[in-house]
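Written below as structure tokens is the structure these notes are about.
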Amino acid sequence: MMQDNFPIRKVDHIRHYVGNARQSAYYYQHVFGFNITARHGLETGLRHEVDYLLEQNDVKLLFSAPVKPGHHIAEALAIHGDFVRDIAFEVDDVDWAFNEAVRRGAKPAIEPYSLENEQGYVRIASIHTYGDTLHTFINRDNFTGHFLPGFAEMNEPGEGIGIVEIDHCVGNVELGQMNVWVKWYEDILGFKNLISFDDNDISTEYTALMSKVMASGNGRVKFPINEPAAGKKKSQIDEYLEYFGGAGVQHVALRTDDIVATVSALKARGMQFLRVPKTYYEVLTDRVGEIDEDVEVLAELGILVDRDDEGYLLQIFTKPITDRPTLFYEIIHRKGATSFGKGNFKALFESIEREQELRGTL
Ligand code: FE2
């Protein structure tokens, strides 16, 4: 095991900037089954913004919206629409993490500060990464309360669907920028390149992309980074960059231990997924060997399967969850496999291209 030169415990939470946090909270509660557990807004003394915290097992999502004109969140929303603003890390020492990251070349966003109340204090700082995305460092070892001082607890449970943790978060960056950001994660945060995919791995008749998977020192944080590659038509990454207005988070993969139950619940609640042709399932067992699940059930739900040296995985991708063809979710169930579903890329991209065709953006 190589020395971890930038200790990160795990992803603490993902913060979304949205136009209407109350409605986003309702959507994530009623579709994804998150519990609304805390809120900070006008009633708790936050004058220009409202924040909702949603939780399901180890996944924490924070939704922030402006409540007055002229707020910096509103300016960011005018460019990107609703988007992932921040992937926050829990670290041992926020001051060390911030100062060391900046010393190694990171662009500072917010200097270390404390939020405190009678239950103790939480230390926080942020740096910039690709596009308008931040990485916040957070440590609440000296805090006995819930999430952050200032938040009022709420108890509005959702009907959980078995999402247990964030598996990985994928960033889309501009042509020629993938290796720049790969080096950034290596140099600044001590990440390692786990896997690389080139346009031979990920190409169809029309489109291509390149991808490298970066992982933190302890392996718990996994960030694939994509860039477009030259194809006959506009790639899905180009489409994202155009509609998002630059680099940003493309998808977040949520891990479940029962993908059939999770996806069945999402479908019952109206979530739409990318579909692959029926022929995918005719050759599935030949491609991945014996699996525990009933192939007919997987075919009915549109769940994909891939195998690597260590086992297999099941995965499915939602359609974009915003008006813009930008952010979407992956649901992933790992049965030993530590990879990302390379065997499904071609079938998936052909599915995305059918959607792009409908949007007139291919
Ligand atoms: Fe993924």
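Coordinate-derived values only; no laboratory data. Keep in mind the model is a prediction, meaning the values are calculated, not measured.
Would you calculate, for the chain, the mean residue ellipticity at 222 nm contributed by helices, counting each DSSP H stretch of 4 or more residues as -39,500 (n - 2.57) and dividing by all residues, to the nearest 500?
Details: 10 runs with 91 residues, N = 362.
Calculated mean residue ellipticity at 222 nm is -7000 deg cm²/dmol.
Compute the acute angle (0 to 90°) between the alpha-carbon long axis of helix 259-268 and the principal axis of greatest extent of the alpha-carbon atoms of the chain; round to the nearest 10°.
The helix 259-268 is inclined about 80 degrees to the chain.
Using only Cα atoms and rounding to the nearest 10 degrees, what angle (0 to 90) does helix 345-359 make with the longest principal axis of the chain?
80 degrees
With no solvent and one equal point scatterer per Cα, compute the Debye intensity ratio I(q)/I(0) for segment 163-359 at 0.13 Å⁻¹ and report its log10, rounded to two decimals.
-0.69
What is the gain in length, in nm to one decimal, between residue 269 and residue 323 on full extension, counting 0.36 nm per residue of separation less the C-alpha to C-alpha distance?
Net length gain for the segment: 17.6 nm.
Enter the angle in degrees (range 0 to 90, nearest 10) between the Cα long axis of helix 21-30 and the first principal axis of the Cα atoms of the chain, meaning the one along which they spread out most.
50 degrees
Compute the semi-axes of the equivalent ellipsoid of the chain, taking the square root of 5 times each eigenvalue of the Cα gyration tensor, and list them largest first in whole Å. Intermediate results must be reported in sequence, preceding the final value.
Details: eigenvalues 211, 109, 88 Å².
They are 32, 23, 21 Å, listed largest first.
Just want to confirm a number: the relative contact order over segment 10-156, from Cα pairs under 8 angstrom separated by 6+ residues, in percent.
Across segment 10-156, relative contact order equals 26 percent.
Checking the table 10/319; 60/233; 107/319; 10/68; 10/233 against a 30 Å threshold on Cα-Cα, which pairs fail?
Going by Cα-Cα distance, 60/233; 107/319; 10/68; 10/233 fall outside the 30 Å limit.
Mind checking the full-extension length gain between residue 180 and residue 9? Use 0.36 nm per residue of separation minus the Cα-Cα distance, one decimal, nm.
On the way: separation 171, 0.36 × 171 = 61.56 nm, distance 2.45 nm.
Full extension of this stretch gives 59.1 nm more.
Report, largest value first, the span of the C-alpha coordinates of segment 62-164 along each principal axis, in whole Å.
43, 37, 32
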